[in-house]
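Note sheet for the following structure.
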Amino acid sequence: MGREVVIGSDHGGYELKEYIKEYLVDSGYSVKDFGTYNSNPVDYPDIAKELGEYVVEKNLEGILICGAGIGMSIAANKITGIRAALCYNNYIAKLSKLHNHANILCLGGRLIGKELAKEIVDVWLNTGFSKEERHMRRIGKIE
Ligand code: RB5
């Protein structure tokens, strides 16, 4: 079984979620999907809460997608232990891991293209947390 990644979206991120999920499965990841499962309107905080709590409990990494990425990031960051980062290019995806130890990647399904999203996901999943003292200290001050 491959490395576990969890993914979720609202209706605004549904199409991109399905695309990224298929890409991750094809790449050998074990993907747990927290919905939504079609394009009918749902409330993004419900998905963010369920997935975020699971990420904290299991110490995993997750991807949340809504239309703009903003709602998911605001909602997920309310959960203790979650550091959700809305990323729109490869460089910020890398920094969100190295410097901010992001454990959830948020994407704006209506704002970025599929190919860019795929690259961001790749960079994000393949970058680790920097253990440099200054970053550890700053992360420690968040909670
Ligand atoms: C839904 O229309 C939209 O508001 C939602 O997907 C997201 O963009 C919120 O931040």
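What follows is calculated from the coordinates using simple rules that are stated; it is not laboratory data. Just so it is clear, the model here is predicted, and its values are computed rather than measured. Note: ideal-geometry Cβ built from the backbone for every residue, glycine included; neighbour counts use all protein chains shown.
Once the Cβ-Cβ distance of Val56 and Lys114 is raised to the sixth power relative to R0 = 25 Å, the FRET efficiency obtained is 0.30. Taking 17 Å as the straight-line reach from the Cα of Lys114, the aspartates and glutamates in range (excluding those fewer than 8 positions away in the same chain) are Asp10, Glu15, Glu18, Glu22, Asp26, Asp122.
Only DSSP H runs of four or more residues enter the estimate; each adds -39500 (n - 2.57), and after division by the residues of the chain the mean residue ellipticity at 222 nm equals -14000 deg cm²/dmol. Enclosing the Cα atoms of the chain in their convex hull gives a volume equal to 93 cubic angstrom per residue. Could you please state, rounded to a whole Å, how far the C-alpha centre of the stretch 62-95 is from the C-alpha centre of the stretch 101-137? Rounded to whole Å, the Cα centres lie 8 Å apart.
Measure nothing but the geometry: give the 0 to 90° angle between the long axis through the Cα atoms of 114-125 and the longest principal axis through the Cα atoms of the chain, rounded to 10°. Once rounded, the angle reads 30 degrees. Using only Cα atoms, find the angle between the long axis of helix 14-26 and the longest principal axis of the chain, and express it within 0 to 90 degrees, rounded to the nearest 10. It is inclined by approximately 70 degrees. The H on the amide N of Arg3, modeled in the peptide plane, is under 5 Å from the matching H of Ser30, each at least 5 residues off or on a different chain.
Using the Cβ-Cβ distance between Glu132 and Lys32 with R0 set to 25 Å, the FRET efficiency works out to roughly 0.20. For Glu61, the residues whose amide H sits under 5 Å from its own are Val6, ignoring neighbours fewer than 5 places away on the same chain, with H placed 1.01 Å from N. For Ile70 and Asp46, the difference between the fully extended length at 0.36 nm per residue and the C-alpha to C-alpha distance is 7.2 nm.
Of all lysines in the structure, the ones whose alpha carbon falls short of 23 Å from that of Lys58, not counting any fewer than 8 places away in one chain, are Lys17, Lys21, Lys32, Lys49, Lys78, Lys94, Lys97, Lys131, Lys141. Considering only Leu105, Leu95, Leu51, give the residue with the highest GNM mean-square fluctuation for the chain, with springs between Cα atoms whenever their separation is below 10 Å. Top of the fluctuation ranking is Leu95.
Provide, as a two-decimal number, the C-alpha radius of gyration of the stretch 59-124 over 2.2 N^0.38 Å, N being how many residues it has. Dividing the Cα radius of gyration by 2.2 N^0.38 Å gives 0.99.
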